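The values are calculated or read from the model by the stated rules, or taken from the named source; none is laboratory data. Owing to the predicted nature of the structure, the values given are computational and were not obtained by experimental measurement. Note that we place each Cβ from the backbone using ideal geometry, even for glycine, and neighbour counts take in every protein chain shown. Side chains included, ligands, DNA and RNA excluded: accessible areas come from the protein's heavy atoms. Shrake-Rupley method; radii C 1.70, N 1.55, O 1.52, S 1.80 Å.
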Amino acid sequence: MDARLAQYEEKMQKALDFLQADFQTIRAGRANPHILDKIKVDYYGTPTPIQSVGNITVPEARMIQIAPWEKSLIKEIEKAIMMSDVGITPSNDGTVVRLVFPELTEDRRKELVKEIKKKGEDNKVVIRNARRDGNDAVKKLGKEISEDEAKQLEDQLQKATDKYIKEVDALVESKSKEIMTV
């Protein structure tokens, strides 16, 4: 890709990376520690990522276990999980916090697939906006470049857009399959 268009392709790549990270936080009936990535625990007055205050393990397919490095943090960890949008009530035995994931119902699976498709569409809009910004930049070059060169740059942008949209579709498809698999 032409160096003048690199920043627009970079925006498309960042949009795709964001979508991949976002999809990791959507639970598919199995315990996935990434679902806790956005949760912050009040650690002596400082919001701290949950991964920084304890050891997170997945002892069973549908359970996440958090062993805090300080026992006094158990209540704070539970409070942070309750206030998040994880949708699971934590339990503890005095030493570890456990999150047990129930099986997803058919309706919940369909809801999640709709949510995934919406996020995919939103992501495609971001990619198309990057293409539009790139095309605007090519038009601004105006008389500095020939019409043929402008057409080549626009074609390169379109190819990059097509590539990233295809990748978004593949991500949406694979995550939807994962969710619908019982």
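Determine which member of the set Ile56, Ile39, Ile35, Ile50 is open to solvent by less than 50 Å² (accessible area, probe 1.4 Å), touching a Leu at 6+ places or on another chain (Cβ under 6 Å) and aliphatic (A, V, I, L, M).
Working: Ile56 fails: touching a Leu at 6+ places or on another chain (Cβ under 6 Å); Ile39 fails: touching a Leu at 6+ places or on another chain (Cβ under 6 Å); Ile35 fails: touching a Leu at 6+ places or on another chain (Cβ under 6 Å).
When all the criteria are applied, what remains is Ile50.
List every residue pair whose Cβ atoms lie under 9 Å apart, where the two residues are 6 or more positions apart in sequence or sit on different chains, the first residue falls within segment 42-62 and is within 18 Å of Met83 (Cα to Cα), and the second residue, located anywhere, is assigned to a helix (DSSP H, G or I) and open to solvent by 70 Å² or more (accessible area, probe 1.4 Å).
That search, which allows pairs on different chains as well, returns Asp42/Lys79.
Return the residue satisfying two criteria in turn: it lies in segment 80-104 and is in a loop (DSSP other than H, G, I, E, B) and surrounded by 15 or more Cβ atoms within 10 Å (Cβ to Cβ), and of such residues it is nearest to the chain's Cα centre (by Cα).
Keep residues of segment 80-104 that are in a loop (DSSP other than H, G, I, E, B), which gives 84-90, 93-96, 101-104.
So of that shortlist, the ones also surrounded by 15 or more Cβ atoms within 10 Å (Cβ to Cβ) come out as 84, 86, 88, 90, 96, 101, 104.
On the way: Ser84: 16, Val86: 14, Ile88: 19, Pro90: 23, Val96: 27, Phe101: 20, Leu104: 20 Å.
Only one residue tops the list, namely Val86.
So, in segment 130-182, of the ones that are hydrophobic (A, V, I, L, M, F, W, C), in a helix (DSSP H, G or I) and open to solvent by 50 Å² or more (accessible area, probe 1.4 Å), which residue ends up nearest to Lys110 (Cα to Cα)? Give the steps one after another, and end with the answer.
Filtering segment 130-182 down to residues hydrophobic (A, V, I, L, M, F, W, C) leaves 130, 137-138, 141, 145, 150, 153, 157, 160, 165, 168, 170-172, 179-180, 182.
If we keep only those that are in a helix (DSSP H, G or I) as well, we get 130, 137-138, 141, 150, 153, 157, 160, 165, 168, 170-172, 179-180.
After this cut, where a residue has to be open to solvent by 50 Å² or more (accessible area, probe 1.4 Å) as well, the list is 170, 180.
Working: Ala170: 18, Met180: 8 Å.
Out of the qualifying residues, it is Met180.
When you check Lys117 against the structure, is it farther than 16 Å from Lys11 by Cβ and either of a type in the set (Ser, Thr, Tyr) or at pLDDT 90 or above (or both), yes or no? Give the derivation first.
On the way: farther than 16 Å from Lys11 by Cβ: yes; either of a type in the set (Ser, Thr, Tyr) or at pLDDT 90 or above (or both): yes.
Answer is yes for this residue.
Quick one: count up the residues across segment 105-122 that are open to solvent by 30 Å² or more (accessible area, probe 1.4 Å) and assigned to a helix (DSSP H, G or I). Walk me through it before giving the result.
We begin by selecting, within segment 105-122, every residue open to solvent by 30 Å² or more (accessible area, probe 1.4 Å); these are 105-108, 110-111, 114-115, 117-119, 121-122.
Pick out the ones that are also assigned to a helix (DSSP H, G or I) and you get 106-108, 110-111, 114-115, 117-119, 121-122.
Count: 12.
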